[in-house]
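Enquirer: Okay, here's the structure, questions in a sec.
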Amino acid sequence: MKKYIYSYPIIFLLLVVCGCSDWLDVQPTERTTSEDLFIDREGYRNALNGVYKEASSATLYGRELTWGLASVMAQDYKNNNLTYAYAYAAEYDFESYAQTKSLISNIWSQSYNLIANCNHLLNNLAKADTAMFQLQRVERDLIMGETLALRALFHFDLLRLFGPVPMRDDGKVAIPYVKDYPNYYTPPKPMDEVLSDIVADLEQAASLVAHNDTITHRTQTSYGVSALFAGSYTPKHVFFNYRGHRLNYMAIHALLARVHMYAGNTAKAMEEAKYLYDKYGPHGKGKYWTFTTEGNAKGQNKYIKFADDIMFAFYDNDLMTKVQSFFAQNRWPLSDDFDTWLDKTKRDFRVNLVNESKQSEKWIETLSTAQNRKLQNTIIPVIRFSEVYYIYSECLYRQGNHTEALKVLNQVRLGRGRTDTFSGTDENEFYEELLQEYRREFFTDGQTFFTHKRLNRDIVTSIKTHKMDESIIPAIPENETIF
């Protein structure tokens, strides 16, 4: 029997926030395990910022869970150009090569380290005097809500990577859901129990951050890219700014839609997606998010991340330098199949994010000096409003409302500039187009593989069919188990 041991040290990064400067630009100045961190509100803010900072590292969302391992497993790249560690991963061989095993092990250990940080922060928040915070209970609840949402996100991506194919789930234990600090042993749970814990954390998180994001600092979420990522509407303190780089109220609901969909709970997924679609989306009442216009989607000054519909993104001020350093010898070209996936004759704006060398421009630095373009160099997308549309469309289709399902799906396609309208209602046709849309929308973003896994659909390329079975699931790292 396996036992999972968690004794990772708690390491908080202290990000000192000064004046009106962007906290995201401030580098860590100290590491501490001392409870002195929690003597004032700045300590709590710094502790939360430290979790975001570490999550943006190459081990997690700064590479492996976006343009690195997750995209390799989706077959986004031309495999014969990959370095050995990733070439093995492209064949779902996670055991034969030491560096591939290390990639997997680091994702596991770093994720649980950050979960431990979240739990330590939550413990202290539970007993904190709200009077110490600038906005008292509103701020305390905001920090607590974001921390719960981060804990849920980390567990969810561990489950998506290490857990079973949902439609093949046999009820065996998957991963532990760690809520306690200090914690040395938490037994693993079956997938459905882990998903229930994730949903519970996200629902509580949404209720806790709601007041800040919908009342106190509503303009930080409702004024688009300029507020979400550029911080153009500065509130009383910079800590409450840049809500696109924080797990805000709307992004948490989007994550709930994603989680419910993964769990097979179509009714709840549709409830979440419809709420966002109606109230905040490009075709809803509020239009907090839009689709990037044709003018901003092409040319030298294009938005390389199409940031207008990004609901939440991690951040790294040095992201492009790190990506360039990784690709110092050879930047990976995309799979030859992208000529089929992204048909240039269809006037799809997303074609503009693939250069003449067939490389993804999402991770190539824009040299534009315009604020909303330059800031895209630092963005690490995690969830987009387009995914809310895809989820809503799929839920409508499953309900038998094919007409409305196609309408919603085509709204994304048209929003990305497509000149054709998809009209297929046959189940195989619909899901083939839906998966193609995920492929077009999320290439090198890290979501495509997990969508195939959720749907139990093989990944088919012109070279090979990769079966969606147990072979695509990496084993729990050996150093995290004892027998």
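Enquirer: Of the residues Gln329, Gln324, only one is surrounded by fewer than 15 Cβ atoms within 10 Å (Cβ to Cβ), over 21 Å from the mean Cα position of the chain (by Cα) and touching a residue at least 40 places away in the same chain (Cβ under 8 Å); which?
Expert: Criteria check complete, one pass: Gln324.
Enquirer: Follow-up. Would you mind finding the one in Glu294, Glu271 that is of a type in the set (Asp, Glu), closer than 30 Å to Ala174 by Cα and either buried (at least 22 other Cβ atoms within 10 Å of the Cβ) or out of contact with any Ser or Thr (no Cβ under 9 Å at 6 or more places or on another chain) (or both)?
Expert: Going through Glu294, Glu271 in turn, the sole match is Glu271.
Enquirer: Considering region 385-430 alone, what residues qualify as being within 17 Å of Asp343 (Cα to Cα) and β-branched (Val, Ile, Thr)?
Expert: The answer is Val412, Thr419, Thr421.
Enquirer: Something else about it: Any idea how many residues of region 221-266 are assigned to a helix (DSSP H, G or I) and either free of Cβ contacts under 8 Å to residues at least 24 places away in the same chain or aromatic (Phe, Trp, Tyr) (or both)?
Expert: Residues in region 221-266 being assigned to a helix (DSSP H, G or I) and either free of Cβ contacts under 8 Å to residues at least 24 places away in the same chain or aromatic (Phe, Trp, Tyr) (or both): 5 in total.
Enquirer: Another question about this same structure. Can you find, within region 177-192, the residue that is least open to solvent (accessible area, probe 1.4 Å) among those that are modelled with pLDDT under 95 and aromatic (Phe, Trp, Tyr)?
Expert: Selected residue: Tyr181.
Enquirer: Of the numbered conditions (1) of a type outside the set (S, T, N, Q); (2) in contact with a Lys or Arg (Cβ under 9 Å, 6 or more places away or on another chain); (3) over 30 Å from Glu139 (Cβ atoms); (4) open to solvent by less than 10 Å² (accessible area, probe 1.4 Å), Trp108 satisfies every one except a single condition; which is it?
Expert: For Trp108, the failing item is (2).
Enquirer: Need the failing condition index for Val412 against (1) assigned to a helix (DSSP H, G or I); (2) crowded, with 19+ Cβ neighbours inside 10 Å; (3) more than 22 Å from the chain's Cα centre (by Cα), just the number.
Expert: So the condition that Val412 fails would be (3).
Enquirer: Considering only residues of region 121-151 that are crowded, with 21+ Cβ neighbours inside 10 Å and of a type in the set (Val, Ile, Thr), which is farthest from Leu60 (Cα to Cα)?
Expert: Ile143
Enquirer: Let me ask something additional. Mind checking which residues of region 309-321 are open to solvent by less than 30 Å² (accessible area, probe 1.4 Å) and of a type in the set (D, E, K, R)?
Expert: Of everything in region 309-321, those that are open to solvent by less than 30 Å² (accessible area, probe 1.4 Å) and of a type in the set (D, E, K, R) turn out to be Asp309, Asp316.
The values are calculated or read from the model by the stated rules, or taken from the named source; none is laboratory data. All of these numbers come straight from a predicted model, not from anything done at the bench. Counting neighbours? That spans all protein chains shown, and the Cβs are built from the backbone with ideal geometry, glycine included. Only protein heavy atoms, including side chains, enter the accessible area calculation; ligands, DNA and RNA are left aside. Shrake-Rupley method; radii C 1.70, N 1.55, O 1.52, S 1.80 Å.
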